[in-house]
Amino acid sequence: MDTTKCYPLLEINLNKISDNTKYLVDICKEKGINIAGVIKGVNAQPQIVDVLVEGGCKYLASSRIEQLIGLKEKGIKKENMLIRMPMRHEIKEAIQHIDITLNSEVKTINLLEKECKKQNKEHKVILMMDLGDLREGFFNKDELIDTALYIENNLKYIKLYGIGTNLSCYGSIKPSYENLNYLCEIAGEIEYKIGRKLDIISGGSTTTLPLVLDDKIPDKINNLRIGEALLVGRDLIDYWGYELNKMHKDTMILKAEIIEIKEKPTYPIGEMFLDAFGNKPTYEDKGIRKRAILAVGKQDFVNDRDLVPLDEGIEIVGSSSDHLIVDIQNSQINFQVGDIMSFGMFYSNTLYLTSSKYVNKYYIQLEELEKEYA
Ligand SMILES: *Cc1c(COP(=O)(O)O)cnc(C)c1O
């Protein structure tokens with residue numbers, strides 16, 4: 001069976017991910033910033049990870065320890081970073097397989113030290129400062145500084161590697177010169193007290209890149225942990241409005257097959273209750289419209305609002321676990337049952353689509369493109 005004809009199909013263009021990576025690694029390098037490639041958004045697909053490594057990422061990072069261990073086992077040797085605080089049961093494996101962890105609890109750091117001693121191994125930590133986004137990190141700057149001094153002066157195996165912050169996750173707070181400069185001031189204070197430079201000041205994720213592009217990033221920031229901009233590349237262009245002609249926002253395309261085409265009313269008929277997921281949606285009556293149903297659903301992509309139809313005149317109407325309904329009334333294309341429709345996507349879709357076993361994955365690689373063009 002030709003698996004490139006098995007749908008739903010996620011077409012992953014490794015060349016485009018490579019372009020995004022090389023472009024961002026370069027512009028960050030100019031500002032003295034290295035990149036940790038965050039791979040959780042693509043379920044650590046090794047083909048993609050290779051591209052990030054080859055493109056110049058200094059570290060590989062994930063919040064899921066299994067993904068990082070899996071890559072080590074596949075022989076990928078890049079220095080790795082666990083970007084979610086380790087759980088109790090992960091302590092042993094963290095010391096065994098992980099080079100750097102992000103931390104904000106002394107209790108956990110002490111457990112890591114103990115395990116290091118057992119394994120006679122050193123381990124680097126980055127202390128996280130919460131600058132207002134209200135997810136992980138010390139909220140109190142003195143507490144972070146005290147912890148840094150505690151590690152530096154009292155722990156033998158745990159090495160204070162640096163400090164970092166995370167923004168735009170829970171609280172949707174924008175990184176700014178001001179909040180990141182505050183992080184740098186804290187770093188300066190620690191450096192003064194320990195009498196040496198910290199190795200890493202990690203200033204956030206994809207949403208910090210606008211400060212890099214606008215030349216407004218504080219000098220002291222020397223690392224960013226980037227996922228979306230490398231892997232999908234859509235946010236800087238579609239959300240932030242940057243014109244980046246060296247970047248691609250169509251690194252991944254979902255292809256799905258049409259299994260029904262009918263003209264139907266747009267307003268459901270009968271007494272309304274709840275949809276398949278217990279929600280009470282609202283419906284707009286647009287009269288009779290031509291609609292197609294595709295064999296792909298929420299189980300695969302979760303949010304249909306983040307899918308971007310690539311054919312003109314197509315509008316996503318809604319979805320259930322295994323069906324996606326699209327309005328094709330205004331399309332110039334004469335779609336037929338059995339035809340394939342393509343969608344671009346935002347980060348949330350890649351997160352789910354890459355981890356679904358029901359979605360066939362197809363990788364486009366440099367050699368193949370060359371063949372196509374030859
Ligand atoms: C997911 C994550 C990132 C990467 O975020 P992107 O928006 O994909 O760049 C960076 N740091 C931490 C702590 C994360 O959890």
Of the conditions (1) closer than 21 Å to Ser348 by Cα; (2) away from the ligand (no atom under 16 Å from the Cβ), Lys290 fails just one. Which one is it?
(1)
Under the condition of being assigned to a strand (DSSP E or B) and of a type outside the set (Val, Ile, Thr), which residue from the range 255-269 is surrounded by the fewest Cβ atoms within 10 Å (Cβ to Cβ)?
Glu263
Against the conditions (1) closer than 27 Å to Gly233 by Cβ; (2) buried (at least 18 other Cβ atoms within 10 Å of the Cβ); (3) over 20 Å from the mean Cα position of the chain (by Cα), where does Lys77 fall short? Just the number, please.
(2)
Go through the range 149-254 and tell me which helices (runs of 4 or more DSSP H), entirely inside it, have 3 or more residues that are under 25 Å from the mean Cα position of the chain (by Cα) and more than 27 Å from Leu52 (Cα to Cα).
177-194
Of everything in the range 270-300 that's of a type in the set (A, V, I, L, M, F, W, C) and surrounded by fewer than 12 Cβ atoms within 10 Å (Cβ to Cβ), which residue is modelled with the lowest pLDDT?
Phe277
Might you let me know whether the range 236-253 holds any residue that is away from the ligand (no atom under 16 Å from the Cβ), at pLDDT 95 or above, more than 29 Å from Ser63 (Cβ to Cβ) and surrounded by 14 or more Cβ atoms within 10 Å (Cβ to Cβ)?
no
Within 15 Å of the ligand (Cβ to nearest atom) and in contact (Cβ under 8 Å) with a residue 40 or more places away in the chain: does that describe Leu180?
yes
Working only within the range 80-91, note down all residues that are more than 16 Å from the ligand (Cβ to nearest atom) and either part of a loop (DSSP other than H, G, I, E, B) or touching a residue at least 24 places away in the same chain (Cβ under 8 Å) (or both).
Ile91
How many of the residues making up the range 122-148 are farther than 12 Å from Gly203 by Cα and either among the β-branched types (Val, Ile, Thr) or assigned to a loop (DSSP other than H, G, I, E, B) (or both)?
12
For the range 26-45: of the residues being assigned to a helix (DSSP H, G or I) and more than 13 Å from Leu231 (Cα to Cα), which is nearest to the ligand (Cβ to nearest atom)?
Cys28
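The rows are residues; the columns are (1) without any contact (Cβ under 8 Å) to a residue 40 or more places away in the chain; (2) of a type in the set (A, V, I, L, M, F, W, C).
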position	(1), (2)
Leu9	no, yes
Lys22	yes, no
Lys31	no, no
Asn43	no, no
Arg64	yes, no
Lys78	yes, no
Take the conditions of a type in the set (A, V, I, L, M), within 21 Å of Lys197 (Cβ to Cβ), surrounded by fewer than 20 Cβ atoms within 10 Å (Cβ to Cβ) and out of contact with any Ser or Thr (no Cβ under 9 Å at 6 or more places or on another chain) and apply them to Leu111. Does it pass?
no
Would you please name the residue that is nearest to the ligand (Cβ to nearest atom), looking only at residues in the range 135-158 that are within 15 Å of Ile186 (Cβ to Cβ) and free of Cβ contacts under 8 Å to residues at least 24 places away in the same chain?
Phe139
Looking across the range 302-345 at residues that are of a type in the set (A, V, I, L, M, F, W, C) and either without any contact (Cβ under 8 Å) to a residue 24 or more places away in the chain or part of a loop (DSSP other than H, G, I, E, B) (or both), the single one that is nearest to Ile259 (Cα to Cα) is Val337
Give the residues of the range 168-211 that are under 19 Å from Leu82 (Cα atoms), buried (at least 24 other Cβ atoms within 10 Å of the Cβ) and hydrophobic (A, V, I, L, M, F, W, C), sorted by residue number.
Ile201
How many residues, within the range 96-107, are more than 19 Å from Ile200 (Cβ to Cβ) and either in a strand (DSSP E or B) or of a type outside the set (D, E, K, R) (or both)?
3
Per-region count, the range 27-57, residues basic (Lys, Arg) and under 18 Å from Tyr347 (Cα atoms)
1
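The values are calculated or read from the model by the stated rules, or taken from the named source; none is laboratory data. Owing to the predicted nature of the structure, the values given are computational and were not obtained by experimental measurement. We place every Cβ from the backbone using ideal geometry, glycine too, and count neighbours over all the protein chains shown.
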